[in-house]
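Data block below; observations after.
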Amino acid sequence: MSEIEQQKMIEVVLYILNKTGGLDYYRLFKILYFANQRSLVDWGHPMTKDQFCALPHGPVPTGLYNTIKGERMVIKDLSGSVDINEYVLLPKREADMDYLSGYDIEILDMCIPMYCNMSFSDLEKTSHTSCWEKARQKPGRHVIELADMARDGGASESLIQYINEMTAFDETCRC
């Protein structure tokens with residue numbers, strides 16, 4: 001992730017945490033997953049650039065997860081913005097709204113109340129979709145493909161094709 005993409009992730013996380021007053025990272029991850037899925041379906045690209053993997057309890061943004069767990073500092077400066085208390089994240093400041101579009105705010109405001117108070121088991125059931133199942137069958141990191149995430153969200157086949165083409169282009173440009 002570029003520095004700008006990392007900063008956007010931090011600001012999206014702060015927006016969610018400020019709206020909820022703090023949140024356990026399991027619920028945060030699910031809000032991020034469903035917000036990214038909605039963005040894929042509506043615009044053909046995710047809201048944030050973190051890669052989601054299918055872990056046993058559902059999709060997880062791996063860079064954010066690794067940073068929170070202290071395993072790898074994928075998202076630099078997160079600790080300067082977010083207080084991590086075992087399983088709960090608390091905001092240290094307000095989100096910088098320059099990093100969020102009106103659409104981002106609209107989708108987050110829709111996803112936050114839908115998923116922040118849902119029980120663990122209901123969140124788990126809701127996020128164990130076909131793309132999660134497909135990724136769990138892959139060896140290794142169990143990466144959820146953007147096109148599969150979009151398909152689960154109801155994207156058309158022409159949009160799926162576009163997402164696959166953009167993903168291939170992005171991968172080619174990383175050389």
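The values are calculated or read from the model by the stated rules, or taken from the named source; none is laboratory data. All figures in this text were calculated on a predicted structure; none of them were measured in a lab. With ideal geometry, Cβ positions are generated from the backbone for all residues, glycine too; neighbour counts draw on all protein chains shown. SASA here: full protein model, heavy atoms, side chains in, ligands and nucleic acids out. Shrake-Rupley method; radii C 1.70, N 1.55, O 1.52, S 1.80 Å.
Whole-Hz Karplus values for the stretch 101-108 come out as 7, x, 5, 3, 5, 4, 5, 5 Hz, taken residue by residue from phi with 6.51 cos²θ - 1.76 cosθ + 1.60 and θ = phi - 60°; glycine and proline positions read x. Under 5 Å between amide H atoms, partner at least 5 residues away or on a different chain: which partners does GLN51 have, H built in plane at 1.01 Å? Under 5 Å from the amide H of GLN51: THR62, GLY63. Modelled this way, with points 7 Å down the Cα-to-C-beta line, the labels at ILE105 and THR167 are 3.1 nm from one another.
Taking a ≥ b ≥ c as the square roots of the Cα gyration tensor eigenvalues, the stretch 1-61 comes out rounded, since a/c falls below 1.5. Separation of the stretch 32-61 and the stretch 98-128, taken as the distance between their Cα centroids, equals 11 angstrom. Backbone geometry of the stretch 11-21 corresponds, through the Karplus equation with coefficients 6.51, -1.76 and 1.60 at θ = phi - 60°, to 3J(HN,Hα) couplings of 5, 5, 4, 4, 4, 5, 5, 5, 5, 9, x Hz, x marking Gly and Pro.
Remark: the chain carries 51 Å² of accessible area per residue (probe radius 1.4 Å; ligands, DNA and RNA excluded). For the stretch 71-143, chymotrypsin sites (Phe, Trp or Tyr not before Pro) meeting the loop criterion (DSSP other than H, G, I, E, B) and having at most 12 other Cβ atoms within 10 Å: TYR87. Counting only DSSP H runs of at least 4 residues, each contributing -39500 (n - 2.57), and dividing by the residue count of the chain, the helix-based mean residue ellipticity at 222 nm comes to -17500 deg cm²/dmol. Solvent-accessible area assigned to carbon and sulfur over the chain amounts to 52 percent, based on a 1.4 Å probe. Ignoring aspartates and glutamates fewer than eight residues from LYS125 along the same chain, the ones with Cα atoms less than 16 angstrom from its Cα are GLU133, ASP152. Residue by residue, the stretch 52-67 carries 3J(HN,Hα) couplings of 8, 10, 8, 8, x, 9, x, x, 9, x, 5, x, 5, 4, 4, 5 Hz when phi is fed to the Karplus relation 6.51 cos²θ - 1.76 cosθ + 1.60 (θ = phi - 60°); x denotes Gly or Pro. Residues whose amide H comes within less than 5 Å of that of LEU89, counting only those at least five positions distant or on another chain, are LEU23, ASP24, TYR25 (H built at 1.01 Å from N in the peptide plane). Among rounded, prolate and oblate, which fits the stretch 21-125 when a ≥ b ≥ c are the square roots of the eigenvalues of its C-alpha gyration tensor, a/c under 1.5 means rounded, and a/b larger than b/c means prolate? It comes out rounded by the Cα gyration axes.
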